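Inspection log for the structure reproduced underneath, given as structure tokens.
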Amino acid sequence: MRPRVRELIVVEGRYDKNALLQAVDAAVLETGGFGIFKDRELAAFLRRLAAERGVIVLTDSDGAGFVIRNHLKGILPKGQVKHAYIPDVPGKERRKARPGREGKLGVEGMAPVVLLEALRRCGATFLDGDGQRSGAGGEPITKADLLELGLAGPGSAARRQALQRRLGLPQRLTANGLLEALNLLYTRAALEREISRESCE
């Protein structure tokens, strides 16, 4: 069983996320590489999550990874961010034809045990078996809940966009992205309260 981590873990891309989820059960957010530099909504969302549950930054150990890491250091409150570092290991990832410019393995090329140790060294908060993954520590939100609440399925896009604006969430979230974001911040009961408050206004 993979250990659960309380903090949101920020990585560069989807392959990094896939590798990390083999090591731990955690909420993982991709920056999309340098896309984070221009995305103000994502930056605001990260600040909110840092305040709610803390953030761990886990980027590659090459120059590009450190540029992204330093940008995140600048936009997130110091006391709410931890930095996990992977070792410098020469090589290339299996899916790539050639190694990167600096010839180092990135997060996606690390074994689960190495990633787990990097998280331990940075001071990640590991939850016991009773630890809740949802933001407020209650019943998590499911895809079926989104359907029932009118936030997924035919004709739901406008309602989803309105809720995302109201909750201060990035506007470009897909339905799956919205589900992940809501589970980081709300329980099902808290989300229902937000939606009923919206309909009363």
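With a threshold of 30 Å on the Cα-Cα distance, the over-threshold entries among LYS17/LYS38; LYS73/LYS104; LYS38/LYS82; LYS104/LYS143; LYS82/LYS104 are LYS104/LYS143. In a reduced charge model with +1 at each Lys and Arg Cβ and -1 at each Asp and Glu Cβ, the range 4-127 shows a dipole moment near 100 debye about its Cα centre.
Counting only DSSP H runs of at least 4 residues, each contributing -39500 (n - 2.57), and dividing by the residue count of the chain, the helix-based mean residue ellipticity at 222 nm comes to -13500 deg cm²/dmol.
Helix 14-23 axis versus longest C-alpha principal axis of the chain: approximately 90°, rounded to the nearest ten. Of all DSSP beta bridges confined to the chain, the antiparallel ones make up roughly 20%.
Throughout, read-outs are computed from the coordinates displayed, never taken from laboratory work. As the structure is a prediction and not an experimental result, all values here were calculated from the model. Note that we place each Cβ from the backbone using ideal geometry, even for glycine, and neighbour counts take in every protein chain shown.
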